[in-house]
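The values are calculated or read from the model by the stated rules, or taken from the named source; none is laboratory data. Small disclaimer: the values here were computed from a predicted structure and weren't measured. Methodologically, a virtual Cβ is constructed for each residue, glycine included, from the backbone with ideal geometry; neighbour enumeration extends over all protein chains shown. Ligands, DNA and RNA are stripped out before the accessible areas are found, and what is left, the full protein with its side chains, is counted by its heavy atoms. Shrake-Rupley method; radii C 1.70, N 1.55, O 1.52, S 1.80 Å.
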Amino acid sequence: AQSVTQLDSHVSVSEGTPVLLRCNYSSSYSPSLFWYVQHPNKGLQLLLKYTSAATLVKGINGFEAEFKKSETSFHLTKPSAHMSDAAEYFCVVRATFNAGGTSYGKLTFGQGTILTVHP
Amino acid sequence: SQTIHQWPATLVQPVGSPLSLECTVEGTSNPNLYWYRQAAGRGLQLLFYSVGIGQISSEVPQNLSASRPQDRQFILSSKKLLLSDSGFYLCAWSRLAGWDNEQFFGPGTRLTVL
């Protein structure tokens, strides 16, 4: 079984200050991990993904995340927040299943962290 | 390039009424298709997935059903809506082959059941 815990439901920062969104995961095998962002009334957009390559993953819009197996964490960071970063962020772990001879991925989402950026 | 469409974008329905949400994918063939629901204050939950026409698997027991009448069409339905069916419904697709298959999400449908 796998699960994801986002440690903060809300994070508030000032524009230009660093962002840290925390995520811990539980998985019985080497996971694939993702961060998605959802702006109000819009669909999900992939920020970055970790799939057992480099542990420090760089994504779009200046975000990055570090996979730490010993801590079972995959925290999302950005050095300097921008007003446009205000959104809800989801940490996601993926398991792969086989059905009908083909593989598909099941995503398990965290509860989400709402990021507010103040001027 | 591939695109995924969902409609309607928003929907307000009375309790006990039927539901049909549609999702279509363009620019790819034989995709895996998924329906997720995001309830207020909660993360996304996988409802259904499909690996081919007519092949539907349900992740959680519920008041909803799904169908895949065509390769790139995925429909979410209900005969009688419940208040608890309110939420944001997202359709997603991924490539059929390969384990490292990223899922791409549609714009979503916000359903309010009154």
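If a residue must be charged (D, E, K, R) and either within 14 Å of chain B (Cβ to nearest Cβ) or closer than 14 Å to A:Val92 by Cα (or both), how many such residues does the stretch A:14-65 contain?
3
Which one of these does A:Gly16 not meet: (1) touching a residue at least 12 places away in the same chain (Cβ under 8 Å); (2) open to solvent by less than 50 Å² (accessible area, probe 1.4 Å); (3) closer than 20 Å to A:Gly112 by Cβ; (4) not aromatic (Phe, Trp, Tyr)?
Just one mismatch for A:Gly16, condition (3).
Quick check, is B:Thr28 closer than 16 Å to B:Ser67 by Cα, more than 13 Å from chain A (Cβ to nearest Cβ) and among the hydroxyl-bearing types (Ser, Thr, Tyr)?
In short, no.
Specify which of the listed residues (B:Ile56, B:Ile4) is within 11 Å of chain A (Cβ to nearest Cβ), in contact with a Lys or Arg (Cβ under 8 Å, 6 or more places away or on another chain) and open to solvent by 10 Å² or more (accessible area, probe 1.4 Å).
From the options B:Ile56, B:Ile4, the qualifying one is B:Ile56.
Looking at the structure I just gave you, is B:Arg72 modelled with pLDDT of 90 or more and among the basic types (Lys, Arg)?
yes
For the condition open to solvent by less than 20 Å² (accessible area, probe 1.4 Å), touching a helix residue (DSSP H, G or I) at 6+ places or on another chain (Cβ under 9 Å) and either closer than 23 Å to B:Asp85 by Cα or of a type in the set (A, V, I, L, M) (or both), what is the one hit in B:Leu33, B:Leu47, B:Leu64?
That would be B:Leu64, the only listed residue that is open to solvent by less than 20 Å² (accessible area, probe 1.4 Å), touching a helix residue (DSSP H, G or I) at 6+ places or on another chain (Cβ under 9 Å) and either closer than 23 Å to B:Asp85 by Cα or of a type in the set (A, V, I, L, M) (or both).
Among the residues of the stretch A:1-49, which ones are part of a strand (DSSP E or B), of a type in the set (Ser, Thr, Tyr) and at pLDDT below 90?
A:Ser3, A:Ser26, A:Ser32
Picking from A:Tyr29, A:Tyr25, A:Tyr36, which residue would you name as being hydroxyl-bearing (Ser, Thr, Tyr), in contact with a strand residue (DSSP E or B) (Cβ under 7 Å, 6 or more places away or on another chain) and farther than 24 Å from B:Gly106 by Cβ?
Just one listed residue meets the conditions, A:Tyr25.
Given (1) more than 11 Å from chain A (Cβ to nearest Cβ); (2) among the β-branched types (Val, Ile, Thr); (3) more than 10 Å from the chain's Cα centre (by Cα), where does B:Ile75 come up short, assuming only one miss?
All conditions pass for B:Ile75, except number (3).
Condition test on A:Lys58, is it at pLDDT 90 or above, exposed (fewer than 13 other Cβ atoms within 10 Å of the Cβ) and closer than 24 Å to B:Gly106 by Cα?
Against the criterion (at pLDDT 90 or above, exposed (fewer than 13 other Cβ atoms within 10 Å of the Cβ) and closer than 24 Å to B:Gly106 by Cα), A:Lys58 qualifies.
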